[in-house]
Structures are given as structure tokens and as C-alpha cells.
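The values are calculated or read from the model by the stated rules, or taken from the named source; none is laboratory data. This structure is a prediction, so every number in the text was calculated from the model and none was measured. All Cβ positions, glycine included, derive from the backbone under ideal geometry; neighbour counts span all protein chains shown.
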């Protein structure tokens, strides 16, 4: 039921942002070879795979070189892609996923399977609800790529430090979720990005 209220919001959002999407799409095609979107397999409710839409911010086949983005020094990121990534503009096409009912607007963010497979059984509770476009971890780790860039081993730092913290935050959200919580996440995410 909650998701049904998100569908009209995502549709309106896509219509309002359509001119911006067109400009970004043309800029991406001019900036580097490849398509407009980067589709990454993520896990949804019930441990089911789905394709998450993003504006492509990396070079062709760069996704095969790793799944963690490690800041401005990441050689996979294109010139335009760095700008899109820094201001989270690459995430806007996920409104398409909301429209397709893959995700909702607020709750836990979807993760890639290779990391979810390392979860404890209790942490699979995160997959009991639909993943989302915005969550508490997005505001806490708005500078995640910079933290990874400073780490000696970004992959291990993500697994041992960031990911457990994200899971704990998401489980707390699931236990205490409400309309007011969702509204708080929504406004906090927007204000964090703008700042």
C-alpha cells in the first residue's frame, strides 16, 4: 500500500525532470563512449535480483573492474561522471525503478549480491521489505567514496566498517519505520545533498 503512493510521485518526478534527463543524456553521449544508463544488478525484496538504473558515470566495461567507487581518484569515472556522482545526480533515474515497483522512495538502500551473501541470517531481514532510493545511510555516508579513497584496502574497509554499520541502521529503520520517519529521511537526504 505504501508503495502505491510512491508511484504517482515518481511519475511526476520523471515528467518534471524530463528536460534535465534529456540534457544529461546528450552530455553523457558526447563526453564518452557508451550508453546513457548504467544498469547494475541489485537485490530487492525476497532476495530477488533486479536492474537498478543510474546515469552512466563510468567508462565502457568499467563495471567489471570493481563495484566500489572510491572518489575523485577513481580512474573509471568519466569527466562528466564525476560531477554526476559528486552531486548524486546519477541516482535520479532510479525514479524509473520506483515506477517499475522495484524499489520505494524511503527505507534501506539495495545492495549488490556479493556483499549481501556475506550477511548474517539476521541481517537478511533487510530484504524483507523493498529497497529504496533514499535512506539514513545515504545521509550518514554521503562522503562514502572519499572514505574509501583514504582506506588502505577499500574493499575490506567497506566490508568490515561501513557495511555492518549500514545494516545496523537499516535494521533499526525496519523496526521503527513510520510515515514521519520516512518524511524525515526524505528531507534530510535532500538537504544533505544540497549542502
Quiz item: Does the range 124-141 include one or more residues that are farther than 20 Å from residue 7 by Cβ, modelled with pLDDT of 80 or more and not in a helix (DSSP H, G or I)?
Solution: yes
Practice problem: Looking only at the range 155-169, decide whether some residue is in a loop (DSSP other than H, G, I, E, B) and either touching a helix residue (DSSP H, G or I) at 6+ places or on another chain (Cβ under 6 Å) or surrounded by fewer than 17 Cβ atoms within 10 Å (Cβ to Cβ) (or both). | Solution: no
Quiz prompt | Which listed residue, of 172, 120, is surrounded by fewer than 20 Cβ atoms within 10 Å (Cβ to Cβ) and modelled with pLDDT under 80 | solution = 120
Quiz item: Is there any pair with a first residue in the range 142-154 that is surrounded by fewer than 18 Cβ atoms within 10 Å (Cβ to Cβ) and a second that is at pLDDT below 80 whose Cβ atoms are under 6 Å apart and which are 6 or more apart or on different chains, and what are they?
Solution: 142/192; 146/71; 149/70; 149/71; 149/73
Practice problem: Test residue 102 against the criterion of being buried (at least 17 other Cβ atoms within 10 Å of the Cβ), more than 21 Å from residue 190 (Cα to Cα), at pLDDT 80 or above and in contact with a strand residue (DSSP E or B) (Cβ under 6 Å, 6 or more places away or on another chain), and give yes or no. | Solution: yes
Quiz item: Which ones in the range 142-154 are within 19 Å of residue 92 (Cβ to Cβ), at pLDDT 80 or above and assigned to a loop (DSSP other than H, G, I, E, B)?
Solution: none
Exercise. Given the conditions (1) surrounded by 16 or more Cβ atoms within 10 Å (Cβ to Cβ); (2) at negative phi, report the number of the one that residue 181 does not fulfil.
Key: (1)
